[in-house]
Amino acid sequence: MIKILVTGAAGFIGHHLVKLLIREGNYEILGLDNINDYYDTRLKWARLAESGIEQSRTIYGQSVTSTTYPNYAFVQMDLADRKSMEALFDNHPFQVVVNLAAQAGIRYSLENPHSYADSNLTGFLNILEGCRKIKVEHLVYASSSSVYGLNAKMPLDTHDHTQHPISLYAATKKANEMMAHSYSHLFGIPTTGLRFFTVYGPWGRPDMAPMLFATAIHQGKPIKVFNNGDMYRDFTYVDDIVQGVYQAILKPAQPSPDWNSAKPDPSISSAPYRIINIGNADPVKLGDFITEMEEAMGKVAIKEMHPLQPGDVLITNAEVTDLVEQYGYRPKVKLKEGVRSFVDWFKSYYA
Ligand SMILES: NC(=O)c1ccc[n+]([C@@H]2O[C@H](COP(=O)([O-])OP(=O)(O)OC[C@H]3O[C@@H](n4cnc5c(N)ncnc54)[C@H](O)[C@@H]3O)[C@@H](O)[C@H]2O)c1
């Protein structure tokens, strides 16, 4: 059994990853999450309950084993809680750590910058220190397509430099990549940073467009359409994302001996460090996404037009050659199919 820590286990992507690892069967999984109230905590507890973790049995800082899956335990803990995180790593010699916990959201970072520093910077440092102490075999962590910021060359490529983030959220994700590189270089920790592109699917996040749209359409309320719907997003179905995370787990980052420090490729290094995009590589116009959603919901949306929001980019489109070549894998769920299964879940969950 491979001992693995998955942070953000009560979150959208973490929940799906835990389910995939449970299905794989050869992992002893510890899920961690602080269950903060950035969005409705009932959704977080409901995700955990689906994996056999009951709220009534959890005590902060103490792990509780799933009632359904003996290989899965969960601990409520804050990444930024240094003492508790030190004790966690002292007691658990994880072979693999997957860090998905973070303060997510671009717009929220304009109003609440400090929570990004706590979770994404201090929290990530505690993860790195824990990995250093236990000499982890591989650290895989969530980065984001938002690090591309002002880069206009399409598709967005990990081999291009990303020095111009346009939100604090993106800046903290970029900082994670830099922090990981320093630990890969100094302590030989294999680290893989995964830049996810707009993830959607069942158990999705209430602050993101698919859930906001579905909720408003269901309630007959207007949806906010930014930039007249003239924005493109590389919507990526959550099963494709966690399959990519799983492929990354299986292949710890290696040093690249041919890496040229005079002309440094930012996606690799002389250290065991790697940055990979996980995206559908098929950007969809926001207006078309809304049409797909209307069809699946069986109802037309009332649209309220708004200008482009600060921190938002116009197009995201992932270059995925490395994903395909290194992991032998590419996202495959088509928008229609993905939106249908999201809407099916939405209707049953909120029934
Ligand atoms: N969903 C997307 O489209 C997307 C795109 C790019 C990157 N990402 C990244 O992927 C990761 C997972 O995203 P998600 O969509 O599942 O978000 P999510 O908010 O649903 O999940 C994150 C989880 O982390 C937990 N968390 C936050 N701060 C914590 C802390 N200090 N200590 C412990 N737990 C904490 C939250 O309670 C939450 O359950 C995040 O790092 C996010 O930045 C997501």
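Rolling a 1.4 Å probe over the protein heavy atoms of the chain, with every protein chain left in place, gives an accessible area that is 52 percent carbon and sulfur. Rg and Dmax of region 8-60, based on Cα coordinates, read 10.9, 33 Å. Among GLN76, GLN62, GLN254, the largest mean-square fluctuation in a Gaussian network model of the chain, built with springs joining Cα atoms closer than 10 Å, belongs to GLN62.
Computed on region 146-192, the Cα convex hull volume stands at 74 Å³ per residue.
Computed extension gain for ARG23 through THR321, at 0.36 nm per residue and net of the alpha carbon distance, reaches 104.5 nm. Computed from label points 7 Å out along Cα-Cβ, the spacing between ALA262 and LYS224 is 5.1 nm. Have a look at ILE106, GLY61, PHE89 and report the one farthest towards the positive end of the charge dipole of region 44-130, computed about the Cα centre with Cβ charges (Lys/Arg +1, Asp/Glu -1). It is ILE106. Pairs of Cα atoms nearer than 8 Å and 6+ residues apart set the relative contact order; for region 217-351 it is 40 percent.
Full extension of the chain segment joining ASP288 with THR215 gains 24.5 nm, where the gain is 0.36 nm per residue of separation less the Cα-Cα distance. Amide H contacts under 5 Å for ARG195: SER143, ILE276, ASN277, ILE278, restricted to partners 5 or more places along the chain or on a different chain, H placed in the peptide plane at 1.01 Å from N. Plainly put, region 209-351 has a radius of gyration that is 1.08 times its Kirkwood radius, both from alpha-carbon atoms, as the Rg/Rh ratio.
Shape index of the chain: Rg/Rh, with Rg the Cα radius of gyration and Rh the Kirkwood radius from the inverse mean 1/r over Cα pairs, equals 0.95.
Both radii come from the Cα set of region 1-137: Rg as radius of gyration, Rh as Kirkwood radius; their ratio Rg/Rh reads 0.95. Centre-to-centre, using Cα atoms only, region 1-72 and region 301-324 are separated by 30 Å.
Take every DSSP beta bridge whose two residues both sit in the chain; close to 10 percent of them are antiparallel. Structural size metrics of region 169-289, computed from C-alpha coordinates, are Rg and Dmax of 18.2, 58 Å.
Convex hull volume per residue, computed on the Cα atoms of region 204-266, equals 149 Å³. Here the Karplus relation 6.51 cos²θ - 1.76 cosθ + 1.60, evaluated at θ = phi - 60°, turns the backbone of region 183-194 into coupling constants of 6, 5, 6, 6, 10, x, 6, x, 10, 10, x, 10 Hz, with x for every Gly and Pro.
Among beta bridges identified by DSSP and lying wholly in region 221-351, the antiparallel ones come to about 25 percent. Packing, taken as the mean count of other beta carbons within 10 Å per residue, orders the peptides 151-161, 122-132 from highest to lowest as 122-132, 151-161. Comparing LYS83, LYS173, LYS263 in a Gaussian network model of the chain (Cα springs below 10 Å), the most mobile by mean-square fluctuation is LYS263.
Which pairs in the list LYS153/LYS221; LYS135/LYS174; LYS19/LYS334; LYS19/LYS303; LYS173/LYS299; LYS224/LYS336 are over 27 Å apart, alpha-carbon to alpha-carbon? Too far apart for the 27 Å limit: LYS153/LYS221; LYS19/LYS303; LYS173/LYS299.
Summarising the strand pairing of region 1-148, around 15 percent of its internal DSSP beta bridges are antiparallel.
Computed extension length for THR65-ASP207: 48.2 nm, one decimal, from 0.36 nm per residue of separation with the Cα-Cα distance subtracted. A dipole drawn for region 156-259 from +1 and -1 charges on Cβ atoms has a positive end, and of GLY220, VAL238, VAL199 the residue lying farthest that way is GLY220.
Amide H contacts for LEU308 (H built 1.01 Å from N in the peptide plane; partners 5 or more residues away or on another chain; cut-off under 5 Å): ASN227.
The values are calculated or read from the model by the stated rules, or taken from the named source; none is laboratory data. The structure presented is a predicted model; accordingly, all values stated were derived computationally and were not measured. As a convention, Cβ positions derive from the backbone with ideal geometry for all residues, glycine included, and neighbour counts pool all protein chains shown. The accessibility values were calculated without ligands, DNA or RNA, using every heavy atom of the protein model including side chains. Shrake-Rupley method; radii C 1.70, N 1.55, O 1.52, S 1.80 Å.
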